[in-house]
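The values are calculated or read from the model by the stated rules, or taken from the named source; none is laboratory data. Small disclaimer: the values here were computed from a predicted structure and weren't measured. Cβ coordinates were reconstructed from backbone atoms using ideal geometry, including for glycine residues, and neighbour counts include every protein chain displayed. What goes into the accessible areas is simple: the full protein's heavy atoms, side chains included, and nothing from ligands, DNA or RNA. Shrake-Rupley method; radii C 1.70, N 1.55, O 1.52, S 1.80 Å.
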Amino acid sequence: MKTYHFWRPLLRAGLLSAALATTLSVMSASAQELIIPLGQQGDRDVMSLPQTGMKAERVRERWGSPGSTGGPVGQPPISQWHYPAFVVYFESERIIRAVMKRTP
C-alpha cells in the first residue's frame, strides 16, 4: 500500500509555506495588547505588619483577635488569620507571610 502525503506537492509549489506565513501574519495582526493596572496598593512601610517567624500568640497580643480564620489545611498545616487591612499566613504556629489586602 502506497502512502500519499498530501503536503508534498504543496511544499514543492511553495504553497504550504505561503499558507503558513499568511496564517501566522493574520494571527499576529489580530492579537491585542491588554494592559491591566495593578491598582493602588498600600505602603508596607507605613502599615505595621506582623513579621515572618513571629508566633501566633505574639500576633494576637499586638493586633488582637482576627476577624476570621481559615484552616489549617495541608501538610504542613497552613492557616490564615484575617484582619481588616491584612491577612497573616501561619505554618503551624509561626508566620510564613503577612499580606496587605487590596483597597479599592
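What about PRO72, is it in contact with a His (Cβ under 8 Å, 6 or more places away or on another chain), within 30 Å of GLU93 (Cα to Cα) and at pLDDT 80 or above? The answer is no for PRO72. The set of residues in the stretch 88-104 that are open to solvent by 100 Å² or more (accessible area, probe 1.4 Å), assigned to a strand (DSSP E or B) and touching a Gly at 6+ places or on another chain (Cβ under 9 Å) contains only ARG94.
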